[in-house]
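Taking it in order: structure first as structure tokens, then the write-up.
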Protein chains: 2
Amino acid sequence: SVNPDLASERQTASFSVEKLTALLDGGAEQTRIRRAVVEAIESDPVFSRENQYFQTQNERYEAAVRKAVHLQKKMHEMGWTENGPEYKYIYRALSGDVAFLLHRVFMRSISVLGSDKQIAKWIPPATQHQLIGSYAQTELGHGTYLQGLETTAVFDIATQEFILNTPKISAMKWWPGDMGRSATHTVVFAQLYIHGKCYGIHPFIVQIRSLQDHSLCPGVTAGDIGPKMNFEHIDNGYLMLKNVRIPRDNMLSKFCEVRPDGTYVRQGSQKINYFTMTTVRISLISDEVLTPLMKACTIAIRYSAVRRQSKLKPGEQEAKILDYQTQQEKLLPQLAAAYAFHFINDYLQELFDKGYREIQRKNFDMLPELHALSSGFKAVITHHCTAAVEICLRACGGHGYSLLSGLPSLYTKILASCIYEGENTILLLQTARFLIKCFMAASAGQPVPPSVTYLAAVKPGKCPAKNKSDFLSPDIYTEAYQHVAVRLISSTAAKLQDLVQSGVKKYDAWNQCTVQLVLAAKAHCHYITVKNFAETVEKLETKAGIQRIMKHLCDLFALHGIFSNTGAFLHDGYISAAQMDMVTSSYLDLLAVIRKDAVPLVDAFDFTDKSLNSALGSYDGQVYQRLYEWAQKSPTNKMSPAYERYLKPLLHNTLSKL
Amino acid sequence: SVNPDLASERQTASFSVEKLTALLDGGAEQTRIRRAVVEAIESDPVFSRENQYFQTQNERYEAAVRKAVHLQKKMHEMGWTENGPEYKYIYRALSGDVAFLLHRVFMRSISVLGSDKQIAKWIPPATQHQLIGSYAQTELGHGTYLQGLETTAVFDIATQEFILNTPKISAMKWWPGDMGRSATHTVVFAQLYIHGKCYGIHPFIVQIRSLQDHSLCPGVTAGDIGPKMNFEHIDNGYLMLKNVRIPRDNMLSKFCEVRPDGTYVRQGSQKINYFTMTTVRISLISDEVLTPLMKACTIAIRYSAVRRQSKLKPGEQEAKILDYQTQQEKLLPQLAAAYAFHFINDYLQELFDKGYREIQRKNFDMLPELHALSSGFKAVITHHCTAAVEICLRACGGHGYSLLSGLPSLYTKILASCIYEGENTILLLQTARFLIKCFMAASAGQPVPPSVTYLAAVKPGKCPAKNKSDFLSPDIYTEAYQHVAVRLISSTAAKLQDLVQSGVKKYDAWNQCTVQLVLAAKAHCHYITVKNFAETVEKLETKAGIQRIMKHLCDLFALHGIFSNTGAFLHDGYISAAQMDMVTSSYLDLLAVIRKDAVPLVDAFDFTDKSLNSALGSYDGQVYQRLYEWAQKSPTNKMSPAYERYLKPLLHNTLSKL
């Protein structure tokens, strides 16, 4: 029985939910395949996440290992393969709650960085899980700056071995997933030394645990780094190496090799390797960032259509909290962002596929642009979506704070995406460096990559909007975003030049501009996101009401960005105060329009109740029953020794006195 | 041995850390008392928080109960009393990690709402913990809007009893602390019915568990609501009542009484009661909001002085991350906010003490202003400090994400302060209602309370700053904040009037303005915070460098607020684009100035290592050693059954093949 407050929201949908789902999936056939995978996974009790919120870190780890092992069997049973159309839906269907993810990274590094001989040796047993791999790069004292890694690998000509060492505590490997308790092998990144000379960072395959009894190998100290905000199911680990010897063949040698006589040979172009690392930042967006945001929106919006609190009109019953303007203003822009980033992700995926094809043809021209885009968008999307999930959580008040709502775990998990695969501030500064370079080139009349050609065509002018409905024109707001991006990039470039010309050292000047460079990089990505959303809407079919509602969301995303950041648009008068009042007015009007379709818009994300795992967000909206049922299962409702030990002695002589 | 990178930061302090600590404590004598309490608590192993990050919810609860019971003994031993000068430091020294906090609320409600006879009956046994009390107001379906509570209390003349019932699931009491497992009694808020007529919400003392064996009383269903983002040590509970009968004397009857014949009598003024509820919002600021922020700043800033990553200048060693402008821009404004809110909290405490004296003299004139201030500042401070703690957490990269950093638990705990004791958006709208009323009164030439007299003196004008150093003048920036507050309040008042005049119903017009009303209320509180900080600095002694560094922090707080919200100041041209560039420049310059004293400024908060409970934030800055030592103690480093169960079968035939 569906909560009538939620049922009524669905009756008035202005568009076909099923058609929108198909659009998001990339076609009805994809929807069918995805649903089949979800059904197969969710009907299997081994993959259940039912008790997840009650489990300890140890229980979570054990469940994740069990699931990983069971998944091999399941895939075989179902006929799913790593290259089949089902594969990409498996991880989503499991909500990422599975072990051995780093095993895949281990295999990929061997495939990309290893010689043909190494691939032939390691990949087949790894594929069959006859060993469990990890990937040991980050150290206690070193993350972002890879050159700073301190682990050493010294070549011993006499034995034809590398001797690996952790010279001090800050050099200890720290964080690698699957390494704390599971892995038998790992790829260790270490400074290569030959005859006392350092050749920089290289990858080495190191066995860390016995294949016989799983005990640590001689010279190896390893374990789990302990509790984290989330990822309880992953055994992120530490690793110390003391004179651990590995054969010469264990240095991954597609690009660099150490010959038996100690000669160091560099061969081939590493560019495709850099490109692979770059694509990881894009590939995580869908599962690790967009899915959590879409889940959070689903939970918060369904709950807001069911929760009634206080009165909007005197004499009426308490109002749905979704009818309050403040609640709409919290949630609906996050919903619009989920769609905006879904479409920019499609755009980026396509661009990177094209880049991959070019690079395979030895054309590396696109690399700098792709690197800048992947860095900037990884940072902007993870940051924006993390903030959005937090807004959803807070918008559900006390019940959002309960783990049973599902929102806390979505938040604590997505938060990590701001840190891993490149810390966001560092990434934005890499994008900014590209933008400054392109701006200088464009100013000098040189050609620049497609995504930044707009820097060459700087128009002064003012925003031409005359009334508030003009701000529902994509041309009007897209140009405003473009104007701001150009202004921030050009003014920071000018500041940089001024500083250098006034005698400040280049690196000091750069540091003194970094706060503004970060803003410029964000503005660039924001502009491209708005532009892409508008162009996507333009191309949609007008049938089934899809284009109309997507246009509203695009407008909302764009106007929300202006409303939340008015200064950037007002600064040089591109948008006047009177026009800004129109923006505000149009923006607030849109909230009321989209509110009508809010529930259908999250229904279109097509999450099952099991995948949401939320007492607030289920399809039927029976929030209070579910909270009560779930709470009763909590281990905190088992008998506690606290009564006998502490409360009974405290209360002992009460009866006589009261 | 102190990390030399941290030691060097302390050698160049521009002010006396000890003097600043005394200023924060309210005098050197207070510092002495506080340190004595901290020393006594931290040297007692029962109060240890050492293993906190490794404990389950059940273990946390049991430890908290044990601590609460032990605390009674400790206070007796130490000669500490509830009225003594030590009392206020106990909770801080325990970091709030103790049970029976709601027992105090139970006692306070009886003291405030109960008759003399009820006080005489219940307070003595409660004081001696012969019963354990809780406070049951919030229901599954009802939080903010108290009139909506559904629990009923029907008066039965025949037996002179009230019959309490939970008519449906949404009426179940939900969240009350200490109620899930500990409490024997609770104050239940319920709709009073006499002869079928509803008299609204009243408080009733209800026994829920046996004093003999702690079993639930007949008709009572109660338990723990399960896992939350934090507060694992508290047994937040649920409670269902089915025909539970309590004697007539159990309705707290200082203000309202039901006579034996069923006559309902209202007596005295409840205003002092409302005032008590209002003061709770102010009283939580210090321990629940400022202390966590100060701890987070201490951890993040000490870590940033020790963590070296990447190079700032070519050829030099890796730089302290605190030397990067972007890192300064993350952390130093949060440090400035901690001081700004510390001083506004002092101001509010004083104002509320004065209010209390006036109210005791039956002068209720200050009530509306105090209510507006407590609502607004509770919302603004909790929101700002929660965001600030999150920034500190993220600024520590991967290590900030480890529970061992202490930052995740600070964040997940402070986050709750945005929700409890009044949801922030609702509170800001209450402040806004007051501001609109005062603005209308001021416009009509009527007198208004002191904190809003500025609304009467609206000066048009422009910001008179001529160069960037002018923005280091408190008059200049305080007036800018005042201007923005007036503009937002007056323009929203005008929008409200326009809507009503155009025929929109008053309540609809209000809802359509709420997004802007929230902004207006925030601007008002922000203005008062800046003004109070500037006035506080003005009055400080110039000795020992304290005034100078506080002036820098005041400037930073003010300019950060403008820099992060430029649109509000640019909108009507009060600050021009050229002036805004000066603000930016002054602001960025200040970061470099305050960076020099950043470590001494957090040292002045005077947290012990035990109270920080952080592997990143200890006084000696030995971050990596501590992370490694702590991780080794994690239960995730105990033998896991996963190997025997899942890994061994998986790896079984590896040896033969590899």
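Working from label points 7 Å from Cα in the Cα-to-Cβ sense, the A:Arg104 to A:Ser564 distance is 2.9 nm.
Can you divide the C-alpha Rg of the range B:1-136 by 2.2 N^0.38 Å and report the result to two decimal places?
Details: Rg = 19.3 Å, N = 136, 2.2 N^0.38 = 14.2 Å.
Dividing the Cα radius of gyration by 2.2 N^0.38 Å gives 1.35.
Against the criterion of solvent-accessible heavy-atom surface with a 1.4 angstrom probe, B:Lys468, A:Lys197 sort, most first, into A:Lys197, B:Lys468. Straight-line reach from A:Lys539: taking Cα to Cα under 20 Å and skipping same-chain neighbours fewer than 8 places apart, the lysines in range are A:Lys19, A:Lys531, A:Lys551. To the nearest 10, the accessible area of B:Val593 is 50 Å² with a 1.4 Å probe.
Between A:His195 and A:Gln446, what's the calculated FRET efficiency when r is the beta-carbon distance and R0 is 41 Å? Round to 0.05.
Values: r = 44 Å, r/R0 = 1.08.
Between A:His195 and A:Gln446 the formula returns 0.40.
How much accessible area per residue does the range A:518-658 have, counting only protein heavy atoms and a probe of 1.4 Å, in square angstrom?
37
Cross-link pairs exceeding 26 Å between alpha carbons, from the set A:Lys505/B:Lys295; A:Lys320/B:Lys506; A:Lys362/A:Lys505: A:Lys505/B:Lys295; A:Lys362/A:Lys505. Note on the range B:228-303: Kirkwood radius taken over Cα pairs, Stokes-Einstein applied at 37 °C and 0.692 mPa s, translational D equal to 187 µm² s⁻¹.
Taking only alpha carbon atoms, the range A:522-614 gives an Rg to Rh ratio of 1.05, where Rh is the Kirkwood radius. Which percent, to the nearest 5, of DSSP beta bridges fully inside the protein assembly as shown are antiparallel? In the protein assembly as shown, DSSP labels about 85 percent of beta bridges as antiparallel. Taken as Cα centroids, the range B:6-43 and the range A:494-563 sit 46 Å apart, rounded to the nearest whole angstrom.
B:Asp581 label point (Cα plus 7 Å toward Cβ) to equivalent points in the other copies: 2.9 nm, shortest first. Rolling a 1.4 Å probe over the protein heavy atoms leaves A:Asp498 with an accessible area of roughly 100 Å². Entry note, the range A:103-267: relative contact order of 25 percent, from Cα contacts under 8 Å with a spacing of 6+ residues. With a cut-off of 8 Å between alpha carbons and a minimum separation of six or more residues, what is the relative contact order of chain A in percent? Rounded, it is 15 percent for chain A. For the range B:423-485, the calculated P(r) over all alpha carbon pairs, in 10 Å bins from 0 to the bin holding the longest distance, is 19, 38, 29, 14, 0 percent. Each copy carries a label point for B:Ser43 at 7 Å from Cα along the beta-carbon vector; from one copy to the others these points are 6.7 nm apart, nearest first. The range B:595-658 and the range B:404-449 have Cα centres lying 38 Å from one another.
Could you state, as a whole-number percent, how many of the C-alpha pairs of the range B:467-594 are farther apart than 26 Å?
Numbers: 2631 of 8128 pairs.
Beyond 26 Å sits 32 percent of the P(r) for the range B:467-594.
Can you list the equivalent-ellipsoid semi-axes of the protein assembly as shown, largest first and in whole Å, using the square root of 5 times each Cα gyration tensor eigenvalue? Intermediate values should be presented prior to the final figure.
Numbers: eigenvalues 469, 296, 223 Å².
Taking √(5λ) for each Cα gyration eigenvalue gives 48, 38, 33 Å.
Accessible-area rank, largest first, for B:His571, A:His76: A:His76, B:His571, with all protein chains present and a 1.4 angstrom probe. Taking amide H as placed 1.01 Å from N in the peptide plane, the amide H of A:Ser134 sits under 5 Å from that of A:His185, A:Thr186, A:Val187, each at least 5 places away or on another chain. Taking label positions 7 Å along the Cα-Cβ direction at both A:Lys354 and B:Ser48, the computed distance is 6.3 nm, reported to one decimal.
Could you estimate the translational diffusion coefficient of chain A from the Stokes-Einstein equation, with Rh from the Kirkwood formula over C-alpha pairs, at 10 °C and 1.306 mPa s, in whole µm²/s? The partial results should precede the final answer.
Working: Rh = 27.6 Å.
Estimated diffusion coefficient is 58 µm²/s.
Subtracting the Cα-Cα distance of B:Asp620 and B:Ser473 from 0.36 nm times their residue separation leaves 49.2 nm of extension gain.
Please compute one quarter of the surface area of the Cα convex hull for the range B:590-645 and express it in square nanometres. Don't skip to the answer; put the middle values down first.
Numbers: hull surface 24.0 nm².
Mean shadow area of the hull around the Cα atoms is 6.0 nm².
Of the residues A:Ile163, A:Ala136, A:Pro260, the one whose Cα sits farthest towards the positive end of the charge dipole of the range A:103-267 is A:Pro260 (charges of +1 on Lys and Arg Cβ, -1 on Asp and Glu Cβ, taken about the Cα centre). Cross-link partners for B:Lys495 among the aspartates and glutamates, with Cα-Cα distance under 15 Å and sequence neighbours closer than 8 places in the same chain left out: A:Asp581, A:Asp589, B:Asp508. Annotation: aspartates and glutamates with alpha-carbon distance below 15 angstrom to B:Lys596 (same-chain offsets under eight excluded): B:Asp5, B:Glu9, B:Asp323, B:Glu329. When A:Arg645 is represented by a point 7 angstrom out along its Cα-to-C-beta vector, the spacings to that point in the other copies are 2.6 nm, nearest first. In the structure shown, the pairs B:Lys74/B:Lys228; B:Lys168/B:Lys197; A:Lys67/A:Lys88 are assessed against 21 Å; a Cα-Cα span above that value is assigned to B:Lys74/B:Lys228. Surface calculation, 1.4 Å probe, protein heavy atoms: B:Ser310 sits at approximately 40 Å² accessible. When exposed loop sites are taken as GluC sites (Glu not before Pro) in a DSSP loop with at most 12 other Cβ atoms within 10 Å, the longest stretch of chain A clear of them is A:83-315.
Taking the inverse of the mean 1/r over every pair of distinct Cα atoms in the range A:123-267 gives a Kirkwood hydrodynamic radius of 15.5 Å. The candidates A:Lys413, A:Lys362, arranged from most to least accessible area with a 1.4 Å probe in the full protein assembly, appear as A:Lys362, A:Lys413. Using the rule -39500 (n - 2.57) for each DSSP H run of four or more residues, divided by the residues of chain A, the 222 nm mean residue ellipticity is -17000 deg cm²/dmol.
So, R0 is 22 Å and r is the distance between the beta-carbons of B:Asp589 and A:Asp508; what FRET efficiency does that work out to, to 0.05? If you can, show how the numbers build up before the last one.
Numbers: r = 14 Å, r/R0 = 0.62.
Given R0 = 22 Å and the Cβ-Cβ separation, E is 0.95.
How much of the accessible area of the range A:260-323, in percent, comes from carbon and sulfur atoms when a 1.4 Å probe is used? That fraction is 50 percent.
The values are calculated or read from the model by the stated rules, or taken from the named source; none is laboratory data. The structure presented is a predicted model; accordingly, all values stated were derived computationally and were not measured. Every residue, glycine among them, receives a Cβ derived from its backbone with ideal geometry; neighbour counts consider all protein chains shown. SASA here: full protein model, heavy atoms, side chains in, ligands and nucleic acids out. Shrake-Rupley method; radii C 1.70, N 1.55, O 1.52, S 1.80 Å.
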